[in-house]
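Working notes for the structure below.
The values are calculated or read from the model by the stated rules, or taken from the named source; none is laboratory data. All values reported here derive from a predicted model rather than from experimental measurement. With ligands, DNA and RNA removed, areas are computed over all heavy atoms of the protein, side chains included. Shrake-Rupley method; radii C 1.70, N 1.55, O 1.52, S 1.80 Å.
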Amino acid sequence: MTDEMQTAASNPPAATGIADPAPLGLAAFALTTFLLSAKNAHWTHGTDAWLGYAFAYGGLVQLLAGMWEFRNRNVFGATAFGSYGGFWIGLGLYVLLVAPKANAAQAANDQAWILLAFAIFNAYMLLWSTQVNEAVLAVFLTLQATEILLVIANFSQSESMAKIGGYVGVLTAACAWYASAAGVINGMVGNAVLWVGRPLRFGASIARRTGTPVHGIR
């Protein structure tokens, strides 16, 4: 079984019998991102449906996927899933504990700085995702665009920009769901049933020089 979030230069997973946690982590990230982005895009007319899932699925489950990636000796997957699991839990706690005591301008400013911090983190993860495969690269590229749009929206308190960020966030969720689905079926049958692509040229050259297999591809 291959690991959809393994880089070409990562150590191979230890022979522990642990299944690839990346499809689970990607699915948890996708669903929670979709729920919040649908709200930002004004597609929903309810309350904060995303909030419970920020704790339980996008938060806890994604964090667990990150810890399992540590067990598989996959530093990229562990860092990505662990960080975004923490992001969802932290955002949920902010909405529950801090935002009710702030006015609209303060909450928007707070969220802008939170998103800016994660956009900085995501920028170098986007660069390193070029060494995984094109499906994972698409996730981090659309996520970078989403975070930047929402940073601008919150700093300027622009509802229209927030809606655009919501649309791009839905696209991010779709990319993550696709990468998750590919990881499930490709891992089940041992072949590339769903395309995930290859690392960009730099990553492929590293794999050739070191003799390290490119994970996520058969």
Going by the alpha-carbon gyration tensor, a ≥ b ≥ c the square roots of its eigenvalues, is the range 101-202 rounded (a/c under 1.5) or, if a/c is not under 1.5, prolate (a/b greater than b/c) versus oblate?
prolate
Taking all protein chains in place and a 1.4 Å probe, what share, in percent, of the accessible surface of the range 126-194 do carbon and sulfur account for?
73 percent
Could you report the accessible area of T44 in Å², rounded to 10, computed with a 1.4 Å probe on the protein chains as they sit in the structure?
60 Å²
